[in-house]
Amino acid sequence: MGEDLDKRLAMSSAGVYPLQVASTYAPAERRQKIALLVPLLVVVNVVMFFITMYINNCPHNTVDDKCIAKFLRRLSFQPLSENPLLGPSTYTLQKLGALNVNKVVHEHQGWRLITCIWLHAGIIHLLVNMLSLLFIGIKLEQEFGFLRIGIVYLVSGLGGSLLSSLFLRNNISVGASGALFGLLGAMLAELLTNWSMYSNKCAALITLVLVVAVNLAIGILPYVDNFAHIGGFISGFLAGFVLLLKPQAGDMPYSNEDGFPFRRRHKLYQYILCVIALITLIAGFSVAMALVLRGVDGNKKCSWCHYLSCVPTSKWNCKDAGS
């Protein structure tokens, strides 16, 4: 090995042929990136929860003084009968930007479609979402960068809010769940559009589908806004085809043994999926936004769709589902 390298060095210095050292190394772009956006999102959500609880001030605003964890003083939680997730009152959440379709439509507060994804109904809600965000988001950001994952996150959050506004008419909605489901949808799209790059394709696909299915199944319980989950997942799925393309195996930009570089390019089906997804995403958002601003009640157009968010049983009813 050493003698061969010495010969090549000697021949290279004599002008016989250039020495191709790059072929033995992976390109720099393959090195694992540091995730900055996802930890920042977690910090922002945690800070917003502390601000929410500070403004809520349970001891001052609760008449019977049944706040939970009173030692936290003004950061203590509302009574469990009012908020079983250990958090603020509904009034405080609405005051800070929770999604309320009546305020969006009749009071022209469209900004609630975005602000609601930065609020959480309680510390349990916050912990579940933030742990999920770290588990899902860091790997995606390391692989695709903060800009693309940030766009997927925001687009998915907005998509979840839009679908929720069409069907969740009588309750408020808060939380980053729609954006999180969007990241899951983007992961599925990335797997499909970069199919040839995976060795255990079927195993990866089945695992991801099962994770999504289980989480959507949990969404049929009361007090969970499954419409935000579904809207976020669909939005993230479409955005994934647009933003998470990779050059296919065999077309990566390193040199082969003879020193001739491979060309970086994508497959035709990737471009087709990208265009279809982009058109569908733009059209879907445009139609959904128009329907929301017109005050259309999706439940009147689809009599069975409410079962996607809550299925009544002998153990619970769905009167307050999605709050």
Q.
Can you tell me how many residues within the stretch 270-308 are among the polar types (S, T, N, Q), closer than 26 Å to His108 by Cα and modelled with pLDDT under 90?
A. 1
Q) Can you tell me which residues in the stretch 51-82 are within 17 Å of Lys95 (Cα to Cα) and surrounded by fewer than 11 Cβ atoms within 10 Å (Cβ to Cβ)? A) His60
Q) Any residue at all in the stretch 61-81 that is within 27 Å of the chain's Cα centre (by Cα), of a type outside the set (A, V, I, L, M, F, W, C) and on the phi < 0 side of the Ramachandran plot? A) no
(Q) If Leu158 meets every condition in (1) under 22 Å from Gly110 (Cβ atoms); (2) modelled with pLDDT of 90 or more; (3) aliphatic (A, V, I, L, M); (4) buried (at least 24 other Cβ atoms within 10 Å of the Cβ) apart from one, which number is that one? (A) (4)
Q) Looking at the stretch 106-158, which of its residues are among the aromatic types (Phe, Trp, Tyr), farther than 13 Å from Val174 by Cβ and either assigned to a loop (DSSP other than H, G, I, E, B) or in contact with a helix residue (DSSP H, G or I) (Cβ under 8 Å, 6 or more places away or on another chain) (or both)? A) Trp111, Phe144, Phe146, Tyr153
Q) Just one of the numbered conditions (1) at pLDDT 90 or above; (2) in contact with a Ser or Thr (Cβ under 7 Å, 6 or more places away or on another chain); (3) loosely packed, with under 15 Cβ neighbours inside 10 Å is not true of Val44; which one? A) (2)
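The values are calculated or read from the model by the stated rules, or taken from the named source; none is laboratory data. Please read these numbers as outputs of a predicted model, since none were measured by experiment. Reconstructed Cβ throughout: ideal geometry from the backbone, glycine too, with neighbour counts over all protein chains shown.
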